[in-house]
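Everything below concerns the one structure shown next.
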Amino acid sequence: MNQPDYIVVGAGSAGCILARRLAQEFGAVVIIVEAPCKAAPQIDHLRPARWLRLLKSSEDWDFTTSANPSLANRSLHWPRGRGIGGSSRINSMIWFPPTASDLEQLSTSTQNRWSAQRIRNAIHSLEQILQPEKPRWLSHTGKSFLKATETLSDCSPMTYRRLNHKGCRRSLEEVMLPRDERSATWRSNIQVVRGIVDQVCWNNQHAEGIQILTAKGTNQVMSKYGVILAAGSIGTPSILMRSGVGSPDDLDQHGISTRFNNSWVGRNLRDHLLMPVIYQCEKSLKPFSYDPDPRVVAQWQVMGTGPLSSNLAECGGLFLNDTIQLHVTPTHYLTFPKSTNSAWMSIGVNLTQPRSQGSLQLSSANPMDPPKIDADYLHCEEDLEQMIRGFE
Ligand SMILES: Cc1cc2nc3c(=O)[nH]c(=O)nc-3n(C[C@H](O)[C@H](O)[C@H](O)COP(=O)(O)OP(=O)(O)OC[C@H]3O[C@@H](n4cnc5c(N)ncnc54)[C@H](O)[C@@H]3O)c2cc1C
């Protein structure tokens, strides 16, 4: 391929959509760069409940936070997907459109360039492509939760739609980066390059190319019109900092000279902490299993229904003025998939609008070194109070 019009860094949820639109709708020549990974067994991608097996696999960047003072100094696993599809490759597949207050916040933060209606239209056109599916099976625990919450006020319990197709995980790679039907390769104007992007190559103020580490060594790729960073909430600020965009104090520590002084890069990091409440079910209920009997396997293979079509987080909903989301799973949240004789139900209590702000910093100028992620969970008193109300 000749010099591309654009380089998209990161083939995750956002990067795949950008590359598809640029290549298909605008006819642009696009190079999309994605970190290499060793693919997990296909069965872990096909069976929705197996997403847990993808965590800490070679498809997960497998980051860890620094010690959290409000969590008794524990460090938490911070998964991020790697390979085409990015985090959508390893996520729990819930399709949950933004609430009215999310839309309002998004509009305000873009000075109304993205009005609520414009965002709704964009989501609608994505839904035409991704076709999120209604659940094809619901566990006993999910049904019980929905029944128990149906008469509560200030809550909106629901079964989640998922990015599944006939009970199997939908691959963003296939949907968003459609292959040429005849040659089974990528469309002729999209090229996928596997490598780790170190930094942006600048021409004055213009991001013209990138420096990549590939199996063959370090090389540079230049574009005609520019580089689009879509490497996610950890990858994008890390690449920016290695490229000299950030706070001079942070960059100096690693011998990186500042090209653009911007102290917001790596700041205001917010993550929605989840804590499970776990219940043991009545003895008469059968435990949910990864490896069920052959009839259940056949039901899923032939009809795409039954327990194997479950994504575990089957249902839930927003509570307490949309500040808390509960996710319900038919498993013991902390020990699944270890086999057990009992059936379990876990309710994940999730803060939807955390106020505590953490930060992300480089640990070195080497792109192979993971950055320092300080989530600072529950630093704000209000977050702790919300979490306790969620538990109650
Ligand atoms: C375990 C888990 C479960 C989740 N469950 C849900 C859910 O059920 N529903 C939901 O809506 N959301 C869920 N999410 C969140 C959702 O998946 C993400 O918000 C979304 O995928 C982020 O998209 P993105 O394009 O910003 O980043 P990503 O999809 O993470 O894409 C970034 C891409 O950039 C690549 N990259 C990063 N740095 C470099 C580099 N230096 N060089 C080359 N490539 C690089 C990465 O490998 C990755 O492919 C979940 C996330 C996780 C991790």
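Since every read-out is calculated from the coordinates, none of them should be taken as a lab result. This structure is a prediction, so every number in the text was calculated from the model and none was measured. Please note: Cβ atoms are built from the backbone with ideal geometry, for glycine as well, and neighbour counts cover all protein chains shown.
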- Calculated P(r) tail over 19 Å for the range 1-56, as whole % of Cα pairs: 47 percent
- Item | Relative contact order %, the range 35-136, counting alpha carbon pairs below 8 Å whose residues are six or more apart | 18 percent
- Binning every alpha carbon pair distance of the range 253-303 at 10 Å from zero, what are the percents per bin? 14, 20, 17, 14, 13, 19, 3
- Query: Suppose R0 equals 30 Å; then what is the FRET efficiency for Gln353 and Tyr290 from their Cβ-Cβ distance, rounded to the nearest 0.05?
  - Reply: 0.35
- Query: Once fully extended, how much extra length lies between Tyr225 and Ala39, figured as 0.36 nm per residue of separation less the alpha-carbon to alpha-carbon distance?
  - Reply: 63.7 nm
- Note on the structure: In whole Å, largest first, the alpha carbons of the range 61-184 cover along the principal axes 54, 43, 40
- Note on the structure: In debye to the nearest 20, the charge dipole size for the chain, taken about the Cα centre with +1 at each Lys and Arg Cβ and -1 at each Asp and Glu Cβ, equals 1260 debye
- Item | Kirkwood hydrodynamic radius of the range 196-279, from inverse mean 1/r over distinct Cα pairs, in Å | 14.5 Å
- Item | Distance between the range 317-392 and the range 144-174 - C-alpha centres, whole angstrom | 19 Å
- Taking the Cα centre of the chain as the origin and placing charges on Cβ (Lys, Arg +1; Asp, Glu -1), which of Gly232, Val29, Gln280 is farthest toward the positive end of the dipole? Val29
- Message: Return the Rg/Rh ratio of the chain with Cα-based radii and a Kirkwood Rh.
- Response: 0.97
- Please identify the chymotrypsin sites (Phe, Trp or Tyr not before Pro) of the range 268-357 that satisfy two criteria: DSSP loop assignment and at most 14 other Cβ atoms within 10 Å. Which are they? none
- Message: Let me confirm the definition first: pairs of Lys residues in the chain, 8 or more apart or on different chains, C-alpha distance under 21 Å. How many are there?
- Response: 14
- Regarding the range 194-339, what whole-number volume in Å³ per residue does the convex hull of its Cα atoms give? 257 Å³
- Tabulate in residue order the Karplus-calculated ³J(HN,Hα) for the range 24-38, using 6.51 cos²θ - 1.76 cosθ + 1.60 with θ = phi - 60°, rounded to whole Hz; enter x for Gly and Pro. 8, 7, 10, x, 6, 8, 10, 9, 10, 10, 9, 5, x, 8, 8
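Quote the charge dipole size of the range 293-383 about the Cα centre in Debye, to the nearest 20; the model charges only the Cβ of Lys and Arg (+1) and of Asp and Glu (-1).
Result for the range 293-383 is approximately 420 debye, rounded to the nearest 20.
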- Calculate how steeply helix 100-109 sits against the longest principal axis of the alpha-carbon atoms of the chain, using the helix alpha-carbon long axis, and give the answer as 0 to 90 degrees to the nearest 10. 10 degrees
